[in-house]
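The values are calculated or read from the model by the stated rules, or taken from the named source; none is laboratory data. The structure displayed is predicted, hence computed values, not measured ones. Neighbour counts are summed over all protein chains in view; Cβ atoms, including those assigned to glycine, are modelled from backbone coordinates with ideal geometry.
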Amino acid sequence: MSSELPILKPASVAVSDESTADDIRLQVNLRFNREELEADLSSLRRRFRLAALEDKLVRLACRIYDARRERERVMGTKLFGEPGWDIMLALYCLPARGERLAVTALSCAAAAPQTTALRWQAVLQEDGLIERKEDPKDARRVFVELTHKGRALIEEYLQTLYDADPSLAG
């Protein structure tokens with residue numbers, strides 16, 4: 001409980017000088033509600049800021065994704081590779097381009113061999129960063145998406161990059 005605000009009796013209500021237990025409980029509850037509302041407002045401000053930045057963060061993620069694919073094209077995949085990162089990056093930026101990724105397509109999007117990509121998908125799913133969802137139109141196909149936790153982590157990282165240099169988003 002915040003100690004910066006004294007408990008005051010409303011001037012417009014006639015009350016005795018003695019606060020009852022109910023009066024104190026009501027004031028404490030009001031103070032807790034105020035603190036909860038302030039926390040909610042702070043959370044909303046963060047979400048609105050993130051929503052305003054979301055387009056820029058997606059552009060930044062796509063630039064990183066495209067740069068990684070270009071590096072692979074030029075230098076090959078033998079020396080460099082981070083399948084977990086490539087999977088997360090693909091799941092963040094490719095849906096913004098209108099691509100919904102099934103398990104196999106995600107392996108291709110991450111430029112990883114199928115077995116490696118499947119292993120990494122299992123690790124990321126176990127860590128709660130991605131989830132699999134059956135295609136309601138075709139039971140043979142399973143889509144992969146970022147979880148709320150996975151999206152929040154990648155956005156936190158991208159926001160750090162963006163804050164350091166907004167021109168990175170293009």
Looking at the range 73-96 only, could you name the residues that are under 19 Å from Trp120 (Cα atoms) and either part of a loop (DSSP other than H, G, I, E, B) or modelled with pLDDT under 90 (or both)? Thr77, Lys78, Leu79, Phe80, Gly81, Glu82
How many residues does the range 143-170 contain that are without any contact (Cβ under 8 Å) to a residue 12 or more places away in the chain, surrounded by 11 or more Cβ atoms within 10 Å (Cβ to Cβ) and not in a helix (DSSP H, G or I)? 0
So which residues in the range 101-131 are exposed (fewer than 14 other Cβ atoms within 10 Å of the Cβ) and farther than 22 Å from Thr77 by Cβ? Glu126, Asp127, Gly128
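One line per residue, one yes/no per condition, for (1) free of Cβ contacts under 8 Å to residues at least 24 places away in the same chain; (2) basic (Lys, Arg); (3) more than 25 Å from Tyr162 (Cα to Cα):
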site	(1), (2), (3)
Lys56	no, yes, no
Asp66	yes, no, no
Thr77	no, no, yes
Glu99	yes, no, no
Thr116	no, no, yes
Gln121	no, no, yes
Lys133	yes, yes, yes
Arg141	no, yes, yes
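Name the residue, out of Glu70, Glu99, that is at pLDDT below 95, part of a helix (DSSP H, G or I) and within 25 Å of Glu54 (Cα to Cα).
On the way: Glu99 fails: part of a helix (DSSP H, G or I).
Within the list Glu70, Glu99, the selection yields Glu70.
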